[in-house]
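For reference, the structure is listed below as structure tokens.
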Amino acid sequence: MKVVSAKAMAQLEAVAYKQGYTDQDFMEQAGKGIAAGIHAFTEEQRLPQKAILLCGKGNNAGDAFVAGCHLIDQGYSVLAVQLDALEHCSPLCQQNAKRFMSKGGRLSSQLQIEGQGVLIDGLFGTGFKGAVREPYASLIEAANRSSWPILAVDIPSGLDGSTGQAEGSVIQATATFFLGLPKTGFFLKDGWNAVGKLRAVNFGLPDAIIEGVQPDFLLLTQSTIAPLLPAIKRCRHKYQAGYVIGLAGSPDMPGAALLSSLAALRGGAGMARLLHPEGMQSILSNSPYELIKIPYQMDKSEDVLTLMKKAGATFVGPGLGRSSQTASLLQAVMPHLEKPCVVDADALTLFADQAFELPSQAILTPHTGEMQTLLHRTERLSIDLETLHTCQQYADQHGITLILKGAPTFIFHPGSPILVNPTGDPGMATAGSGDVLTGLLASLLSQGLSPRDAAAVGVYVHGLAGEYAAQARGTSAGVMATDLIAHFADAYRALKPALFLSSLF
């Protein structure tokens, strides 16, 4: 799905108006779609049919009033908090507010929360810039303090739709029902903290007009990821299912290597071997039975390279350490690997220090701190369009696929649009989460996916597994990296229910 700036979205609507479409028709379809989304949310959460609209002066409030009308038609009790006199509102806002009241909707100048229900944020739209002023700032803070879920109309109020900047009070939405296309501000700076879950609402903008816009980046969706999943064939052996070798681990950090290796197996690979420094045998004795462990000596780079060339894909870096011996080993092995390879953790730092050359078909998986090191910058990276373009240039320059891990995660590939991943859970901010992604990516590469497709599927499945892990616990708190691996199967099943084969009808 295309992601565009607020300005670009306004330009698309302007093109539609020139073709005979009206903002009144668009508002009606938007409000109807938002009401359907609100109803689905209340049903899913088993909430009473009670809603409070938070309305501003513009057409965003008009969308909310239309949604309120449709909710009243479905039997909802709906109240609208309107701080400005209607005569100061946009014509469409006035028109639909009067329609709302004619259906029995009530207006109030104060927010009073009683019982359970949902708040509908229709204060400011995607054209908002700057800081929210009073009395709206206080209303936003009161809404955020309430126990009710907040469902934003198109964008959380107070957020810049293009930059993601929030200079003052901003709605902390449980979900955002975006109209037409998602906006760049959802994913930049403060945006991802504010938007909650994203839900698309079609308000009638013609596909032909959407096809003509150049997006800033693309949003991964289930419909695009599901077809990329590796096919499972009945007549296959373990090497055909995917063969992964990892060069990882050190006496001080065995856990990272084990997490990546187990993730490779649970990700679908039929065989996983871990190459580890000599002397770690006792430390790794409690590793999964299915994992084959092979010790190596630092000065035997030819033996390491020979083993790694046998795999369908490799991963390098988790827990590896940054010693001069390790750097020399990678310098001797990596340029000659000639196999898809995931480079992570300590290997990223060594690569930034120019300790070795990258193999072809490499996937680099830095978080923002590691990306800062790769770029040789001293200032902390801000997730804005400038940073994304810099990362794209880095991927183009080095001929690699780059995954910038975070919330959200971005993917860069030479000559391709930037991708952004919407799945994930705050509980994934835990030690080892990145090591799990590394193993999953290597598994997908070993099963025949291209680096770009493996990156897209890997981050989507990884994030979805995190959501299932938090759901299983009933909270994001306390999710561990091993929980992500345990829920790979749930993520795969959600993407493609028939991902297993059975002889029974």
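Remarks
- DSSP-defined beta bridges in segment 322-417 - what % are antiparallel, rounded to 5: 35
- The trypsin sites (Lys or Arg not before Pro) of segment 72-125 that DSSP puts in a loop, and whose beta carbon has at most 15 other beta carbons within 10 Å, are Lys103.
- Under the simplified labelling scheme, the Ser102-Asp252 pair shows an inter-label distance of 7.4 nm, with each label point 7 Å from Cα along Cα→Cβ.
- Share of carbon and sulfur in the accessible heavy-atom surface of segment 78-123 [1.4 Å probe, %]: 44
- Of the beta bridges in the chain, as assigned by DSSP with both residues counted there, near 15 percent are antiparallel.
- Think of segment 1-130 as a dipole: +1 on every Lys or Arg Cβ, -1 on every Asp or Glu Cβ, centred on the Cα centre; then among Gly56, Ser90, Ala8, Ala8 lies furthest on the positive end.
- Unit Cα scatterers, Debye sum, segment 335-409: log10 I(q)/I(0) for q = 0.15 Å⁻¹: -0.47
- Looking at segment 363-485 alone, DSSP beta bridges between its own residues are antiparallel in about 65 percent of cases.
- The slack in the chain from Leu385 to Lys238, taken as 0.36 nm per residue of separation less the alpha-carbon distance, amounts to 48.6 nm.
- Between Thr224 and Arg46, the FRET efficiency estimated from the beta carbon spacing at R0 = 22 angstrom works out to 0.10.
- Unmatched cysteines, the chain - criterion: no other Cβ of a Cys under 4.7 angstrom: Cys55, Cys69, Cys235, Cys341, Cys391
- Overall form of segment 113-161 per C-alpha gyration tensor (a/c, 1.5; a/b vs b/c): oblate
- Global form of segment 42-178, assessed from the alpha-carbon gyration tensor, a/c cut-off 1.5: oblate
- With every protein chain in place, segment 413-453: carbon and sulfur % of accessible area (1.4 Å): 52
- Cα centroid of segment 377-421 to Cα centroid of segment 73-147, whole Å: 38
- Classification of segment 139-180 by its C-alpha gyration tensor yields an oblate form. The axis ratio a/c (a ≥ b ≥ c) is 1.5 or more, and b/c is at least a/b.
- Two-decimal Rg to Rh for segment 136-241 - Kirkwood Rh, Cα set: 1.16
- For the chain, accessible area per residue (1.4 Å probe, heavy atoms of protein chains only), Å²: 43
- Square roots of 5 times each gyration tensor eigenvalue, C-alpha, segment 170-289, largest first, Å: 43, 22, 12
The values are calculated or read from the model by the stated rules, or taken from the named source; none is laboratory data. Fair warning: this is a prediction, and the values are worked out from it, not measured in the lab. Note that we place each Cβ from the backbone using ideal geometry, even for glycine, and neighbour counts take in every protein chain shown. Heads up: the accessible areas ignore ligands, DNA and RNA and are worked out on the full protein's heavy atoms, side chains in. Shrake-Rupley method; radii C 1.70, N 1.55, O 1.52, S 1.80 Å.
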